[in-house]
Structures are given as C-alpha cells and as structure tokens.
1. Can you list residue pairs whose Cβ atoms sit under 9 Å apart, with the first residue in the range 224-240 being farther than 18 Å from His174 by Cα and the second being at pLDDT 90 or above and part of a helix (DSSP H, G or I)? Count only pairs 6 or more apart in sequence or on different chains.
2. Out of the residues in the range 244-260 that are surrounded by 11 or more Cβ atoms within 10 Å (Cβ to Cβ) and part of a loop (DSSP other than H, G, I, E, B), state the one that is modelled with the lowest pLDDT.
3. For the range 195-204, state whether one or more residues are within 17 Å of the chain's Cα centre (by Cα), among the aliphatic types (A, V, I, L, M), within 25 Å of Asn167 (Cβ to Cβ) and outside any helix (DSSP H, G or I).
4. Scan the range 82-138 for residues that are closer than 16 Å to Glu173 by Cα, among the aromatic types (Phe, Trp, Tyr) and either in a helix (DSSP H, G or I) or at pLDDT below 95 (or both) and report the count.
5. Inside the range 52-75, can you point out the residues that are part of a helix (DSSP H, G or I) and either loosely packed, with under 14 Cβ neighbours inside 10 Å or of a type in the set (Val, Ile, Thr) (or both)?
6. Does the range 31-42 contain any residue that is within 21 Å of Leu161 (Cα to Cα) and without any contact (Cβ under 8 Å) to a residue 24 or more places away in the chain?
7. Are any residues in the range 135-174 more than 12 Å from the chain's Cα centre (by Cα) and either closer than 30 Å to Asp246 by Cβ or of a type in the set (Asp, Glu) (or both), and if so, which ones?
8. Just the residues that are assigned to a helix (DSSP H, G or I) and loosely packed, with under 11 Cβ neighbours inside 10 Å, please, taken from the range 11-36.
Amino acid sequence: MLTHEPMLRLGAFLAILALLLLAEMLTPWRVARPLGARRWSHHFGLLMLGALLARLLVPAGAMGAAFWAQSRGLGLLPMLDLPLWAAMAVSVVLLDLLIYFQHRLFHAVPLLWRLHRVHHADTEMDATTGLRFHPLELLLSVFIKMAAVIALGVPPEGVLLFEVMLNASSMFEHAAITLPPRADAALRRVIITPSLHRIHHSERLEETNSNFGFNLSLWDQWFGTLRRHHQGALRLGIGRYGQKRDQRLDQLLLQPLRRD
C-alpha cells in the first residue's frame, strides 16, 4: 500500500471529487452561483502550484517524516507500543485536532490570515473551494504536519489515512449539496457538514470565527467555537475581494500583498 502511496492518494482524490461534483448536480444547494465552473481552473491552478512548491522544497513531505521518525523510534506513539490499528486511529484524531488549532491560528495571526484569506474570498462554494488555498499556506501546512508527525511518531499508514481523510473532508464540507435534514442533524454531531461549514465562510466576522473543524465537529463543541445557525441571509466571501477579477489565478496569488 505504501509503495503506491502517491497513486492511492491521487485515485482517492479524483474519485471523491467526481462523486461530490455528481452529488452537486443531483442534490444541489440551491443558491445562485453565476461563475460556477469558471472558477475551477483557478482553484486547480492554486492546488498545482502548491503541490509543485511542496515537491521542490520538501519532496518527502509528511510521509517522509513518518518513515524518518519510525526508523529512529521517535515520538509519543512508539513509546505507547500500540498495535498498528490503534496507532492509526489515535494518529488521525490527534492530527485532526492539530488541523483545528492550525485553522484557528491562520485566522488569528494577521500575516497568516492574509494567506488564508485567499480561501475565504471565494464568493461561491462548491467542492473545488476545498482545493483553493494559497501555495504558501499549503507549504506552511506541510511543515506543521511534518513536525507533528515526528513529535507523535505517527506511522506511515496513519499519515496516508489522515491525508486521504483530510482531502475528502475538505471537499465534502465545501460541496454545494443539500443533505436530508435528519441526516445532516445526525452527521453534525460527529463531523463538519456542508451546512455547518458554510457559516464559517460568511462575510460576518463572528460567523467566520466559528466552525473551524475540518473533519470532527467535536473540537468546535469542546472549545466553544461551534455555531449551528447563521444570521439572516448567508453572504459568502470577503466583500473587498468579491469582484469577478478577484477570482482570477493571478489575483489570488497576489492577494496576500493587499492589506485589509
């Protein structure tokens, strides 16, 4: 499995994205999306540039960090001597907690917010919004994950599982789909659903600073950042960056240079 890790991740990514885009056609979130698929090339452009930058600067990434730590017996989990399945489960939960606090950090620190703001400036939402991150934010995220993987001693299998789940949850929670009310209410108790995460993309600051989770909704519940409903009509994006030209790849790359 680990020998074919890049192909497994790519295959899972493409399959999940295709399923979500199909779901957006079958059970759509019925709001106006005038730009629609015209945004996709810019989102994929950001993703490809981020992947290229990470490949050039840290080619081994989190998986390489896991193998390096494993060969030296580093980290917390090897000390606990857990079976592989348990170490993988604990790794996924702890890394998900890390992403929750990383997300809050990128909202709280002005310089980091300038990078993360590129993601929030999308005036529409669909599964591809989950790919829309500035390349420098993606690179910083790789460094943070590598440090966490070494400190925890996450097994390579745990890294692979977490990366697939992280990509899947990012696309799912941004998807322009409508879940049946009962299913949505049940899922919200465990994971971040699209209806919850849309609140996080509101123009209202108090709503933007809520629902930080990427996978488990548990962290927002425990740390008091869960918001179940939005106020009035939900307006997405950041007003200053709401023009059509602001959604172009060149403008997205340069946006962190612009002050709020």
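1. Pairs that qualify, where the first residue is farther than 18 Å from His174 by Cα and the partner is at pLDDT 90 or above and part of a helix (DSSP H, G or I), are Thr225/Tyr100; Thr225/Arg104; Thr225/Trp219; Gln231/Glu206; Gln231/Glu207; Arg240/Asp246.
2. If we filter the range 244-260 for residues that are surrounded by 11 or more Cβ atoms within 10 Å (Cβ to Cβ), which is where we start, we get 244, 246-249, 251-256, 258.
Right, trim to part of a loop (DSSP other than H, G, I, E, B) and you get 248, 258.
On the way: Arg248: 95, Arg258: 85.
It comes out as Arg258.
3. The first filter runs over the range 195-204 and keeps only residues within 17 Å of the chain's Cα centre (by Cα), leaving 195-202.
Checking the rest, the ones that are also among the aliphatic types (A, V, I, L, M) come to 196, 199.
Keeping just the survivors that are within 25 Å of Asn167 (Cβ to Cβ) gives 196, 199.
Checking which are outside any helix (DSSP H, G or I) leaves us with none.
Scanning the range 195-204 turns up no residue that is within 17 Å of the chain's Cα centre (by Cα), among the aliphatic types (A, V, I, L, M), within 25 Å of Asn167 (Cβ to Cβ) and outside any helix (DSSP H, G or I).
4. To start, the set of residues in the range 82-138 that are closer than 16 Å to Glu173 by Cα comprises 96, 99-100, 103, 119-120, 122-133.
Filter again for among the aromatic types (Phe, Trp, Tyr), leaving 100, 133.
Those left that are additionally either in a helix (DSSP H, G or I) or at pLDDT below 95 (or both): 100.
Of the residues in that region, 1 qualify.
5. Kept after step one, since they are part of a helix (DSSP H, G or I), are these residues of the range 52-75: 52-57, 61-72.
Leu52, Arg55, Leu56, Leu57, Ser71, Arg72 - these are the residues of the range 52-75 that are part of a helix (DSSP H, G or I) and either loosely packed, with under 14 Cβ neighbours inside 10 Å or of a type in the set (Val, Ile, Thr) (or both).
6. At the first step, the residues of the range 31-42 found to be within 21 Å of Leu161 (Cα to Cα) are none.
No: the range 31-42 contains no residue that is within 21 Å of Leu161 (Cα to Cα) and without any contact (Cβ under 8 Å) to a residue 24 or more places away in the chain.
7. Start the filter on the range 135-174 by keeping residues that are more than 12 Å from the chain's Cα centre (by Cα), which leaves 135-136, 139-140, 142-161.
Within the range 135-174, Pro135, Leu136, Leu139, Leu140, Val142, Phe143, Ile144, Lys145, Glu157 meet the criteria.
8. Initially, the range 11-36 is screened for residues assigned to a helix (DSSP H, G or I), giving 11-26, 36.
Result: Leu14, Met25, Leu26.
The values are calculated or read from the model by the stated rules, or taken from the named source; none is laboratory data. Bear in mind the structure is a predicted one, so any value in this text is a computation, not a measurement. Because the Cβ atoms are built from the backbone with ideal geometry, glycine has one as well, and the counts that use them run over all protein chains shown.
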